[in-house]
Amino acid sequence: MNIQLNKGNQFKKIKISQFNLAIFVAIVNLFFMSFIYQYIGDKILYWLFGILFGFVLQRSRFCITAGFRDIFLIRNTTVTRAVIICLGISTLLFAFIISYTPASYNIEPKLYPVGIHTVVGGFVFGIGMVIAGGCASGTLMRVGEGYQMQLFGVIGFFVGAIVGAYNYQWWYKFSISKSPVIYLPDFLTFWGTVIFQIGILIIIYLVALYWERGTLKFSERKTEKKSNMGFYNRFIKKSWTYNTGAILLALLNSLFFLILKTPWSITTGITHISGGIVNKLNFDLSNWLYFGSSSNLFFQHPLALIPISMVIGSFIGSLAAGEFRIRKARKNKFLIFAFIGGFLMGYSARLSGGCNIGAFLSAIPSFSLHGWVYGLSILFGSYYGGKILLRYLL
């Protein structure tokens, strides 16, 4: 069933069936949440946040991979600057949360040892996310839109994550256990660190702007007139800006941090799902160092709800906008490279304490030095990933 919506003097057809299906899926999700609440209790909040993260990512096309890759590939920093805005807002909000919540609240910023494993993990992750066509959040979001290539990337990610968990003990002895956790406020006053970090982000923003335009002037963007646009076209059909996505993700991550006492992360959940699958195949993982310290193993880990619900959130968003369709890869080699890229991301995420969500987008606002080192390492990895992309895929 198709209807026509008046947009100025133009008529545009939309598939109302997809919008109706989005409403149906959303309602089913609400019933599902009310049903499983009696079994998992407050853990249902992880599912809810995953839905919201997936929806915002899909509607805004906020892609951290593009934020690194496009710097070198097409000399564009539009997404890069949106990522910086997200980091800046998160830094301020995390600062207030850390500063004003009582010690008894037991809030846990994203802190992780910084060392050789951080550099290797970030570099390999940077290569993997470029050739896979997305990072952890990006591939999950694309799966919700129906992309076959990113589905292979997610499968590779799951495989790489469990291999990385198996190999974690070696990396722990080689580097992680010997590396310091560097919390930046330990070297400056707390609010001095906040001001310093915001200043660094502003400088990076200006450098990114100059890299793209050769000037520091902010050009005025032509905005589409919205006077004749209905609610559906303005807020659902029309993609949100990258900056809108950045602001909403920063707010959601901060709420996640405040309510659940730890910042947003994805790969921990993926690794525990992978571990649960392997465990069901009668492999004994009880002596693995990575899982040995966890009291909530495998499918029972609350973060295992995040990657699944993010796909559903993206699915709802793509349906609501009438954008969902099964998108097959044009060539089989794209699927192979997506799997390899996903594997590299999954493995490397176990070295560096997360992907570019947990170890970057959540770590930098947590004032952990490893977030900065990881981000710089991803930048170099993205450069070489772009070389591989141009040589073998484009």
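The values are calculated or read from the model by the stated rules, or taken from the named source; none is laboratory data. None of the values given here were measured: they were computed from a predicted structure. Backbone-built Cβ (ideal geometry, glycine too); neighbour counts: all protein chains shown.
Can you name the residue in the stretch 215-254 that is in a helix (DSSP H, G or I) and of a type in the set (K, R) and, of all such residues, is modelled with the lowest pLDDT?
Pass one, the stretch 215-254, residues in a helix (DSSP H, G or I): 231-237, 242-254.
Narrowing the set further to residues that are of a type in the set (K, R) leaves 234, 237.
Details: R234: 75, K237: 80.
Here the residue is R234.
Testing L390 on (1) hydrophobic (A, V, I, L, M, F, W, C); (2) closer than 30 Å to D186 by Cα; (3) out of contact with any helix residue (DSSP H, G or I) (no Cβ under 6 Å at 6 or more places or on another chain); (4) touching a residue at least 40 places away in the same chain (Cβ under 8 Å), one condition comes back false. Which one is that?
For L390, the exception is condition (2).
Only one of G292, G342 is among the small types (G, A, S), within 26 Å of V119 (Cβ to Cβ) and free of Cβ contacts under 8 Å to residues at least 40 places away in the same chain; which?
It is G292.
List pairs: first residue in the stretch 79-92 and free of Cβ contacts under 8 Å to residues at least 60 places away in the same chain, second residue among the acidic types (D, E) and in a helix (DSSP H, G or I) anywhere in the structure, Cβ distance under 7 angstrom, at least six positions apart or on different chains.
Qualifying pairs under 7 Å: none.
Of the residues that sit in the stretch 92-120 and are part of a helix (DSSP H, G or I) and polar (S, T, N, Q), which one is modelled with the highest pLDDT?
Only one residue tops the list, namely T118.
Can you name the helices (runs of 4 or more DSSP H) wholly within the stretch 289-391 that have at least 1 residues being on the phi < 0 side of the Ramachandran plot and buried (at least 24 other Cβ atoms within 10 Å of the Cβ)?
305-320, 332-352, 369-388
Of the numbered conditions (1) in a helix (DSSP H, G or I); (2) out of contact with any Leu (no Cβ under 8 Å at 6 or more places or on another chain); (3) of a type in the set (A, V, I, L, M, F, W, C); (4) over 18 Å from G245 (Cβ atoms), A82 fails exactly one; give the number of that condition.
(4)
Scan the stretch 133-148 residue by residue and report those that are modelled with pLDDT of 95 or more, within 25 Å of L379 (Cβ to Cβ) and either among the hydrophobic types (A, V, I, L, M, F, W, C) or in contact with a Phe, Trp or Tyr (Cβ under 6 Å, 6 or more places away or on another chain) (or both).
Correct list: L140, M141.
Considering only the stretch 65-79, state which residues are crowded, with 24+ Cβ neighbours inside 10 Å and either more than 14 Å from the chain's Cα centre (by Cα) or at positive phi (or both).
Selection gives R69 alone.
Are there any pairs, at least 6 apart or on different chains, whose C-beta atoms fall under 7 Å, with the first in the stretch 318-333 and within 17 Å of L21 (Cβ to Cβ) and touching a residue at least 12 places away in the same chain (Cβ under 8 Å) and the second surrounded by 12 or more Cβ atoms within 10 Å (Cβ to Cβ) and of a type in the set (K, R), and if so, which?
A321/K237; G322/K15; G322/K237
Being out of contact with any Leu (no Cβ under 9 Å at 6 or more places or on another chain), farther than 18 Å from G245 by Cβ and not hydroxyl-bearing (S, T, Y): is that true of I155 here?
Taking the combined requirement at face value, the residue satisfies it.
I'd like to check which helices (runs of 4 or more DSSP H) are fully inside the stretch 130-214 and have at least 1 residues that are buried (at least 21 other Cβ atoms within 10 Å of the Cβ) and over 18 Å from the mean Cα position of the chain (by Cα).
Per the criteria, 148-174, 190-213.
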